[in-house]
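Engineer: Below is one structure. I have some questions about it.
The values are calculated or read from the model by the stated rules, or taken from the named source; none is laboratory data. Given the structure is predicted, the values throughout are model-derived calculations rather than measurements. Reconstructed Cβ throughout: ideal geometry from the backbone, glycine too, with neighbour counts over all protein chains shown. Note: areas computed on protein heavy atoms with side chains; ligands, DNA, RNA excluded. Shrake-Rupley method; radii C 1.70, N 1.55, O 1.52, S 1.80 Å.
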Amino acid sequence: MTRKGPRDDINENELVVSHPKDSAAGIPAVLVSLDRAIEQMGVARTARTLIRLNQPHGFDCPGCAWPETPGHHKPAEFCENGAKAVAEEATLRTVTPAFFAAHPVSELAGHTDYWMGQQGRLTHPMVLRPGSDRYEPIGWDAAYRLIATHLRELDSPDEAVFYTSGRTSNEAAFLYQLMIRSFGTNNMPDCSNMCHESSGSALTEAIGIGKGSVSVTDIEQADLILIAGQNPGTNHPRMLLTLEKAKANGARIIAINPLPEAGLRRFKDPQKVGRVLGRGVDIADEFLQIRLGGDMALFQGLGRLLLEAEDRAPGTVVDRAFVDTYCADFDEYAAHVRAVDLDTVVQATGLSMRQLEDTARALIDSERTVTCWAMGLTQQTHAVATIQEATNLLLLRGMIGKPGAGVCPVRGHSNVQGDRTMGIWEKMPEEFLAALDAEFSIESPRRHGWDTVDAIRAMRDGHARVFMAMGGNFVSATPDTAATEQALRNCELTVQVSTKLNRSHVVHGRTALILPTLGRSDLDVQSTGKQSVSVEDSMSMVHLSRGRLKPLSDHLRSEVAIICQLARELLGPDHPVPWTQFEGDYDLIRDSISRVVPGFEDYNTRVRQRDGFLLPHPPRDSREFLTHTGKANFAVNPLEWVPTPPGRLILQTLRSHDQYNTTIYGLDDRYRGVKNGRKVVFVNADDIAELGLRDGQIVDVVSEWTPGNDTDTVEERRIHDFRIVEYNTPRGNAAAYYPETNPLVPLDHVAAKSNTPVSKAIVVRLEPNGSR
Ligand SMILES: Nc1nc2c(c(=O)[nH]1)N[C@H]1C(S)=C(S)[C@@H](COP(=O)(O)OP(=O)(O)OC[C@H]3O[C@@H](n4cnc5c(=O)[nH]c(N)nc54)[C@H](O)[C@@H]3O)O[C@H]1N2
Ligand SMILES: Nc1nc2c(c(=O)[nH]1)N[C@H]1C(S)=C(S)[C@@H](COP(=O)(O)OP(=O)(O)OC[C@H]3O[C@@H](n4cnc5c(=O)[nH]c(N)nc54)[C@H](O)[C@@H]3O)O[C@H]1N2
Ligand SMILES: [Mo]
């Protein structure tokens, strides 16, 4: 194994389909992770890098937000996909000015995100001038002047949009929102808008804080764990270690998912020699193969069954003391779910009455229940209501604010939760803005800004003219690709602060800038010396992260430095924020954060403790619920689910085992048996037959969407040449990979309250090729 150059672009004709696996990790995981790392970094750098991953004095994995196990640092606390995330960032391949000279934008645009990511790390700031087809180098100062000039020429600061992806550190996120608010807008869409926004909306209404209430230890101590709409074997592999421990402690695990995902079934710890060879551990005791969008019906049905059990044996099911002391609206909730029709629940979920009763029994028998979820629940029209129903069940059983129990939204990006805590949100509450203003003698705007979907609409309609992104890949990650591309092309200036080449560099405004930045694994040296940043994991632990690798180019700047330098240019020398000092010493940023954000008192000291520190969470800590009623609120929601129209399928868009969102690591979705290609659509065998299609057939996937109340208009969106793969998915439900399927997701098809694009329930029909 030696270092290799980029692989060729995808040739879908080479796609191979084999049997899906029923276990996750094991020896292939060890081999794949080493192979990929060495291919990109070579042997020496691989050894040096992986050893520091997730260690107390190392850097935080740029993969998922699953916490490290406190106090239990293994020699190697990472997983296959963490190693791929690092290899992708710490690669020795580079994208230099010579690369851009050789490849015009029009040519780059013809490549997939896979090919682009393969090319390596961006090394120089680049500009694309109006009318030109080639990026050319630009000095940093000239780049800042260009941005500042465009921003100052806007009629209002609200004509600018500032996106954030979830890898940005606390320090950079805090300064970024400070610069944006000093400039005068709250237009701060972020990846969270497409991710766990629904969880935040639901939990804030229900328990007064939009974050999960459990720790890793709670999960290890739970006796019942529900995992709904999440594929941990691929997206949070280290969670399997926690689940394995929970199992060893006697926990029962129920997986609620349309797909029999490998990691939910069996797990072989790749770091335990005896384990990788054997059969592994069964993770889920029960697999509820639910229909897409059926979870709300499931939770309401379970609510009814629990109340009926309480009627039969009063005082044994409902935690009366908890409900009476801490909760509001229980009676309304009880009346509502008692009236839920169980036949409808069976139809909506595709589950049997027996499965519903068994699950209800499991909840009743449990003294410590944790419910975990991810995108399967959040990216639905009724996502917020669904998450509230999951919470209702826990409230009814008194499962919040005690050890071994609680809500666990499993976050995606490694610092997506921290970015929110630092103020990246288009509608931060008044207390935060007031504290920010007091700390810096500025006046933050109070008018709410645009989230992701609204920002796309604004750019599409000409209300926004400058777009800047702190990381991420806006063009490929957002819904309705055609609409988003048009929106960005409407802009006068698009600016991408990035580590790697991606589609958002080649679908651009009249002028475009690429500003290359340091990643997590890179050494960050400023005027006072080596700097560390900090991040918050999915369970509210904040800890330091320090990269060690020598940056591949002298022209890279840290996100913090880029923001401070741009802010000085944009806001002028007399601006009250000490941008120069902040740039030189990140401790000073943390000192300011400690005075603005509650829970960060003594930040610099506490973040240097071995495992960092835990942020306060009133429901978890003291059963305090800071909602509008002052109590935990039971929610009452009319039942919604997603029937399949005749001749159609409901499509979910999901991640393969070989990608990180729009970063495609490779072409091997090992657990699902798909190799060398990505344009597949997984369909139930009976649906294939009923639709008159066959396994392996190439089809167009066409989404159908009826906007508003106008039932006569059906908007169609189409993607070409997808191969049908017979798969174990419920009748009427299909699946295909994101981001290739984003052109199908209508911009206006969003979740109520959270405005999150509905990426997990798209009405589609499959058209055999040639019928165009
Ligand atoms: N390696 C790797 N790690 C990642 C990422 C990555 O792309 N690659 N992405 C990161 C990010 S940003 C995020 S948000 C997370 C995403 O983590 P996940 O949410 O696990 O990601 P998805 O691939 O979208 O998988 C959704 C899961 O929900 C199921 N599902 C879909 N619809 C429904 C439904 O209606 N009901 C139920 N019960 N289940 C449903 C799908 O079958 C699938 O198992 O992972 C993070 N970690
Ligand atoms: N159809 C469909 N759409 C979805 C989803 C879905 O399940 N289905 N999931 C949604 C979800 S959950 C999310 S979170 C979003 C993800 O949306 P984004 O966060 O916007 O997308 P990513 O693919 O994670 O961004 C990858 C890019 O980030 C840059 N990058 C990586 N590391 C760094 C860094 O340290 N600093 C900087 N400045 N840049 C860096 C690289 O240039 C890389 O190309 O997509 C959403 N879109
Ligand atoms: Mo996400």
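Engineer: Quick check: from the Cα gyration tensor, does the range 290-416 come out rounded (a/c under 1.5), prolate or oblate?
Structural biologist: Here the range 290-416 falls in the oblate category.
Engineer: Here's another thing I want to ask about it. Report the gain in length on full extension from Asp748 to Thr629: 0.36 nm times residue separation, minus Cα-Cα distance, nm rounded to one decimal.
Structural biologist: Here the answer is 39.6 nm.
Engineer: Round to the nearest 0.05 the FRET efficiency obtained for Ser106 and Arg610 when R0 = 60 Å and r is the Cβ-Cβ distance.
Structural biologist: 0.70
Engineer: Tell me which of Ile698, Val95, Thr325 sits at the most positive position along the dipole axis of the chain, charges placed on C-beta atoms (Lys, Arg +1; Asp, Glu -1).
Structural biologist: Working it through, the farthest residue towards the positive pole turns out to be Val95.
Engineer: How would the range 523-581 be classified by its alpha-carbon gyration tensor: rounded, prolate or oblate, with rounded meaning a/c under 1.5 and the a/b versus b/c comparison settling the rest?
Structural biologist: In terms of gyration-tensor shape, oblate.
Engineer: How much net charge surrounds Ala632 when only the other residues with a Cβ under 15 Å from the Cβ of Ala632 are counted, with Lys and Arg +1 and Asp and Glu -1?
Structural biologist: Residues near Ala632 contribute -2 overall.
Engineer: Right, here's the next one. If each of Asn13 and Ala321 carries a label point 7 Å out from its Cα toward its Cβ, how far apart are those two points in nm?
Structural biologist: 7.1
Engineer: Something else: To the nearest 10 Å², what's Lys679's accessible area with a 1.4 Å probe?
Structural biologist: Here the residue's solvent-accessible area equals roughly 60 Å².
Engineer: Per residue of the chain, what 222 nm ellipticity follows from adding -39500 (n - 2.57) for every DSSP H run with n ≥ 4, rounded to the nearest 500?
Structural biologist: Helices in the chain give a 222 nm mean residue ellipticity of -10000 deg cm²/dmol.
Engineer: Using a ≥ b ≥ c from the Cα gyration tensor of the chain (square roots of the eigenvalues), is it rounded, prolate or oblate, where a/c under 1.5 gives rounded and otherwise the larger of a/b and b/c decides, a/b for prolate?
Structural biologist: Rounded, since a/c falls under 1.5.
Engineer: Using 0.36 nm per residue, how much length does the chain from Arg731 to Thr713 gain when fully extended, once their Cα-Cα distance is taken away?
Structural biologist: Contour length minus Cα-Cα distance gives 3.8 nm.
Engineer: Using only Cα atoms, locate the centre of the range 51-70 and the centre of the range 568-639, then give the distance between them in Å, rounded to an integer.
Structural biologist: Result: 21 Å between the Cα centres.
Engineer: Which value in nm describes the separation of the simple spin-label points at Asp141 and Glu357, placed 7 Å from the Cα toward the beta carbon?
Structural biologist: If labels sit at Asp141 and Glu357, their model points lie 7.9 nm apart.
Engineer: Over the chain, what is the relative contact order in percent, taking alpha-carbon pairs closer than 8 angstrom and at least six residues apart?
Structural biologist: Over the chain, the number comes to 21 percent.
Engineer: Give me the accessible area per residue for the chain, probe 1.4 Å, as a whole number in Å².
Structural biologist: I get 34 Å² per residue for the chain.
Engineer: What residues from the range 725-764 fall in the zone where the backbone N is under 18 Å from a label point 7 Å along the Cα-to-C-beta line of Arg457?
Structural biologist: 745-759
Engineer: Right, something else. Compute the separation of the alpha-carbon centres of the range 442-480 and the range 124-147 and state it in Å as a whole number.
Structural biologist: 22
Engineer: On to the next question. Full extension from Leu92 to Gln697: what is 0.36 nm times the residue separation minus their Cα-Cα distance, to one decimal in nm?
Structural biologist: 213.8 nm
Engineer: Just the number, please: carbon plus sulfur as a percent of the accessible area of the range 649-771, 1.4 Å probe, no ligands or DNA/RNA counted.
Structural biologist: 44
Engineer: Quick check: at a probe of 1.4 Å, how many percent of the accessible area of the range 197-409 sits on carbon and sulfur atoms?
Structural biologist: 49
Engineer: With just the Cα atoms defining each centre, how far is the range 483-556 from the range 713-760? Give it in Å.
Structural biologist: 29
Engineer: Quick one: go through the range 481-511 and flag any residue whose amide nitrogen is under 12 Å from the point 7 Å out along the Cα-to-Cβ line of Ser132.
Structural biologist: Those under the cut-off are 511.
Engineer: Right, another one. Which lysines, if any, have their Cα less than 18 Å from the Cα of Lys245, not counting same-chain residues under 8 positions apart?
Structural biologist: Partners found: Lys74, Lys268, Lys272.
Engineer: For all pairs of alpha-carbon atoms in the range 200-248, what percent lies in each bin of width 5 Å, listed from the first bin to the last filled one?
Structural biologist: Result, from short to long distances: 5, 18, 21, 24, 19, 11, 3 percent.
Engineer: Determine the dipole magnitude for the chain: charges of +1 sit on the beta-carbon of Lys and Arg, -1 on that of Asp and Glu, nothing else is charged, the reference point is the Cα centre, and the result goes in debye to the nearest 20.
Structural biologist: My answer is approximately 2320 debye.
Engineer: So what's the net charge close to Arg503: Lys and Arg +1, Asp and Glu -1, counting the other residues with Cβ under 14 Å from its Cβ?
Structural biologist: -3
Engineer: Excluding same-chain residues fewer than 8 positions from Lys530, which aspartates and glutamates have a Cα within less than 19 Å of its Cα?
Structural biologist: Qualifying aspartates and glutamates at Cα under 19 Å: Asp60, Glu171, Asp522, Asp554, Glu559, Glu583, Asp585, Asp587, Asp591.
Engineer: Which residues in the range 637-657 place their backbone N less than 20 Å from a point set 7 Å from the Cα of Asp341 along the Cα-to-Cβ direction?
Structural biologist: Flagged as within label range: 637-646.
Engineer: Right, here's the next one. Can you put Glu389, Glu357 in order of accessible area, largest first, using a 1.4 Å probe?
Structural biologist: Result, largest first: Glu357, Glu389.
Engineer: State the percentage of accessible surface on the range 16-89 attributable to carbon and sulfur atoms; use a 1.4 Å probe and exclude ligands, DNA and RNA.
Structural biologist: Using a 1.4 Å probe with all protein chains present, the range 16-89 comes out at 67 percent carbon and sulfur.
Engineer: Check the chain for me: any Cys whose beta-carbon has no other cysteine beta-carbon within less than 4.7 Å?
Structural biologist: Cys61, Cys64, Cys79, Cys191, Cys195, Cys327, Cys491, Cys564 - these cysteines have no disulfide-compatible partner (Cβ-Cβ under 4.7 Å) in the chain.
Engineer: What are the lysines whose alpha-carbon lies under 29 Å from the alpha-carbon of Lys631, with same-chain residues fewer than 8 places away excluded?
Structural biologist: List returned: Lys211, Lys402, Lys427, Lys753.
Engineer: What does the charge dipole of the range 550-658 about its Cα centre add up to, to the nearest 20 debye, if the Cβ of each Lys and Arg holds +1 and the Cβ of each Asp and Glu holds -1?
Structural biologist: 480
Engineer: With charges only on Cβ, +1 for K and R and -1 for D and E, what is the dipole size of the range 197-409 about its Cα centre, in debye, rounded to 20?
Structural biologist: With only Lys, Arg, Asp and Glu charged at Cβ, the dipole is about 1020 debye.
Engineer: Heavy atoms only, 1.4 Å probe, whole protein assembly: order Ile589, Ile27 by accessible area, highest first.
Structural biologist: Sorted by accessible area, descending: Ile27, Ile589.
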